[in-house]
Amino acid sequence: MSQPASSTTSAVAPLRICIAGAGAIGGTLAVRLTAAGHQVSVLARGQTLQAIRERGLTLHDLHGTTHARPVASQSPEFGIQDVIFLCAKSQDMSALLPQVAPMVGEDTVVIPTSNGVPWWYFHREGGRFDGQTVKAVDPDGTLTRAVPLAQLIGSVLFITAEVESPGVIRSVNPHLMVLGEPSGEMSERLLRVRAAVEAAGIEARATDRIRDKLWTKIIANISTNPLSVITQGTLQQLYGLPELREVVTQIMRETLLVASSHGARVDIDPLTFVQLGEAMGAFRTSMLQDLERGRPLELAAIGDAVLEMADHYAIPMPITRAVVSLARFRGEAARQQREQQRESHPQAPQPAAQAA
């Protein structure tokens with residue numbers, strides 16, 4: 001069950017909101033929430049931090065062009081927050097969570113927005129694996145210990161955005177965020193956050209089955225992100241070209257079996273996935289953007305964790321496993337090539353790191 005978006009937004013009280021990570025997704029949220037009147041602060045670094053301090057953030061999306069000047073710092077000096085959005089890749093969470101800890105109060109809501117299987121997946125899940133950790137994303141329990149699991153709300157973001165330059169983000173598709181308590185409770189804090197996001201011009205839904213929506217996004221991620229690294233294809237190509245669409249569809253079928261084994265109900269079939277994906281146009285996946293920017297690939301949460309979930313029920317995923325392995329090889333080859341270039345040209349500028 002999900003709660004539809006309300007048409008009334010004027011009653012939403014301003015919240016103290018920290019956006020931890022100001023890449024494509026974090027920047028989009030920061031602009032929209034600042035424009036809605038919330039007290040927004042941004043935890044950023046490098047060129048992005050400098051750009052926000054000097055020029056603010058600019059978002060080009062279906063609302064038009066919106067400019068915002070949130071407070072920004074590389075240190076968690078903003079005080080206790082009402083809501084913290086963790087807008088970093090899963091592999092960056094172990095470094096990010098200790099940074100945000102000083103801003104977490106007794107009533108602070110912490111919302112991870114990263115792709116793939118989250119480390120909290122089995123927290124209050126209620127099934128046979130309740131309380132277990134997802135070792136692919138939290139091998140030593142660092143994430144589980146960093147922030148109390150009771151303060152987490154799950155999220156699934158259907159937002160496609162790219163950083164054009166530090167502080168400038170472009171998004172050409174509608175924004176959607178689905179929020180849900182790990183326990184399935186339709187809590188007061190869940191509805192309060194949903195209303196705040198909705199008031200910021202982002203379609204927001206509250207659900208009592210957040211893992212269903214997680215699997216919807218997981219299926220989209222795992223069927224396209226690793227393959228895009230191998231082929232360097234856009235979503236339009238991955239979903240539209242027959243030879244690539246067949247691989248995408250095979251991965252979807254394998255992942256749907258894993259999702260159903262874990263009790264998830266995914267209400268979109270592979271054909272509908274393909275049609276919706278192709279309609280998104282020539283958008284590059286976040287993993288392909290990371291490859292091009294020289295960032296580590298988010299394969300642990302998007303690929304390895306799904307394979308781990310499959311192993312719980314001894315489900316073979318031959319196509320998925322092969323594509324994930326090839327993407328890892330491609331990413332490692334690109335890393336080695338960059339290292340060689342640095343050794344040959346030590347003064348050459350490096351691509352800016354962006355969270356997306």
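The values are calculated or read from the model by the stated rules, or taken from the named source; none is laboratory data. In this text the structure is predicted, and so the values were computed from the model without any measurement. Every residue, glycine as well, gets a Cβ built from its backbone with ideal geometry; the counts of neighbours run over all protein chains shown. Accessible surface areas use protein heavy atoms only, side chains included; no ligands, DNA or RNA. Shrake-Rupley method; radii C 1.70, N 1.55, O 1.52, S 1.80 Å.
Using the Cα gyration tensor of segment 172-260, with a ≥ b ≥ c the square roots of its eigenvalues, what is the shape: rounded (a/c below 1.5), prolate (a/b larger than b/c) or oblate (neither)? It comes out oblate by the Cα gyration axes. Here segment 1-156 is treated as an ellipsoid with the same Cα gyration tensor; its semi-axes, largest first and in whole Å, are 27, 19, 15. Select from Pro166, Pro102, Pro182 the residue whose mean-square fluctuation is largest in a Gaussian network model of the chain (Cα-Cα springs shorter than 10 Å). Among Pro166, Pro102, Pro182, the largest GNM mean-square fluctuation belongs to Pro102. Here the label points at Leu326 and Arg209, each 7 Å from Cα along the C-beta direction, are separated by 3.4 nm in the simple model. Adding -39500 (n - 2.57) for every DSSP H run of four residues or longer, then dividing by how many residues the chain holds, sets the calculated 222 nm ellipticity at -13000 deg cm²/dmol. Taking all protein chains as they are arranged and a probe of 1.4 Å, the heavy atoms of Asp107 leave approximately 130 Å² accessible to solvent.
With contacts taken as Cα pairs under 8 Å and at least 6 residues apart, segment 162-205 reaches a relative contact order of 37 percent. Our note on the geometry: Cα centres of segment 188-216 and segment 13-60, 20 Å apart.
When the chain is treated as a GNM, springs tying every alpha-carbon pair under 10 Å, which of Pro112, Pro242, Pro296 comes out with the largest mean-square fluctuation? Its mean-square fluctuation being the largest, the pick is Pro242.
Within the chain, what percent of beta bridges assigned by DSSP are antiparallel, to the nearest 5?
40 percent
One quarter of the convex hull surface built on the alpha carbon atoms of segment 268-324 amounts to 5.1 nm², the projected area averaged over directions. At the listed q of 0.12, 0.13 Å⁻¹, the Debye profile of segment 239-356, built from one uniform point per Cα, gives log10 I(q)/I(0) equal to -0.56, -0.65. Put simply, the C-alpha atoms of segment 91-234 give a gyration tensor, and the ellipsoid matching it has half-axes of 24, 20, 17 Å, longest first. Using a cutoff of 8 angstrom between alpha carbon atoms and counting only pairs six or more residues apart, the relative contact order for the chain works out to 19 percent. Residues considered: Ser94, Ser344, Ser261. Largest GNM mean-square fluctuation over the chain, using C-alpha springs under 10 Å, is found at Ser344.
Ligands, DNA and RNA left out, the accessible area of the chain computed with a 1.4 Å probe is 51% carbon and sulfur.
Which three numbers, in whole Å and largest first, are the semi-axes of the equivalent ellipsoid of the chain derived from its Cα gyration tensor as √(5λ)?
They are 28, 26, 20 Å, listed largest first.
Would you please give the FRET efficiency between Ala101 and Gln47, computed as 1/(1 + (r/R0)^6) with r the Cβ-Cβ distance and R0 = 25 Å, to the nearest 0.05? Working from the Cβ atoms, E equals 0.45.
Rounded to two decimals, the Cα radius of gyration of segment 187-311 over 2.2 N^0.38 Å is 1.14. The residues of the chain have, on average, 42 Å² of accessible surface per residue, using a 1.4 Å probe with all protein chains present.
With r defined as the distance between the Cβ atoms of Ser187 and Asp130 and R0 fixed at 25 Å, what FRET efficiency is calculated, to the nearest 0.05? Computed FRET efficiency for Ser187 and Asp130: 0.85. Farthest toward the positive end of the dipole of segment 230-332, out of Leu291, Leu276, Thr249, is the Cα of Leu291, where the dipole comes from beta carbon charges about the Cα centre. Rolling a 1.4 Å probe over the protein chains gives Lys213 an accessible area of about 50 Å².
For Val197, the shell of other residues with beta-carbons less than 11 Å away shows a net charge of +2, using +1 for Lys and Arg and -1 for Asp and Glu.
Of the whole protein surface, Leu297 contributes about 30 Å² of accessible area at a 1.4 Å probe radius.
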